[in-house]
Amino acid sequence: MGGVFALAGCGGGSDNKSGAGSSAPAGGGTGCDTPINADSKTLRRNLQYKEKASDPAKKCSECAQYEAGKFGDCGGCKLFPGPVRPEGGCASFAPKNGAAPASAAPAGSG
Ligand code: SF4
């Protein structure tokens with residue numbers, strides 16, 4: 001037992017930050033621009049999610065956890081809430097076919 005659930009109220013985070021070259025449609029909505037919860041951010045960091053997969057063969061759109069069209073141009077991921085990019089990727093990538101790679105080579109740095 002034991003757990004600290006610190007909820008800092010509902011909503012918030014309305015601070016508008018200076019737009020830095022974002023191709024989001026006017027008005028905003030439920031797409032790739034959908035706000036991400038703090039919990040989701042933590043999970044993304046833990047899973048090393050990136051908006052651009054280092055290996056094109058292991059991108060979200062090719063992942064079994066990917067939920068296409070859940071957020072418009074972006075899809076969803078079964079592992080955490082919020083939009084993920086089709087070209088994104090993370091350490092928990094799972095091939096749709098479930099076929100294991102012939103040789104699992106560890107990702108080198110660079
Ligand atoms: S598990 Fe990782 S690679 Fe697969 S859809 Fe989710 S974020 Fe993308």
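FYI, it's all coordinate maths here, none of it is from the lab. Just so it is clear, the structure is predicted and the values come from calculations on it, not from any experiment.
Principal axis extents for segment 38-84, Cα atoms only, whole Å, descending order, please.
The principal-axis extents, from largest down, are 27, 23, 16 Å.
If the cut-off is a Cα-Cα distance under 23 Å, which lysines reach Lys78, setting aside same-chain residues fewer than 8 apart in sequence?
Excluding near neighbours in sequence, the set is Lys41, Lys50, Lys52, Lys58, Lys59, Lys70, Lys96.
Which far-off residues, 5 or more places away or on another chain, put their amide H under 5 Å from the one on Cys74, with H placed in the peptide plane?
Amide H neighbours of Cys74, under 5 Å, 5+ apart: Cys32.
Using the Karplus curve 6.51 cos²θ - 1.76 cosθ + 1.60 with θ = phi - 60°, work out ³J(HN,Hα) for each residue of segment 75-89 in order, rounded to whole Hz, and write x for Gly and Pro.
My calculation for segment 75-89 gives x, x, 10, 6, 8, 7, x, x, x, 10, 7, x, 8, x, x Hz in order.
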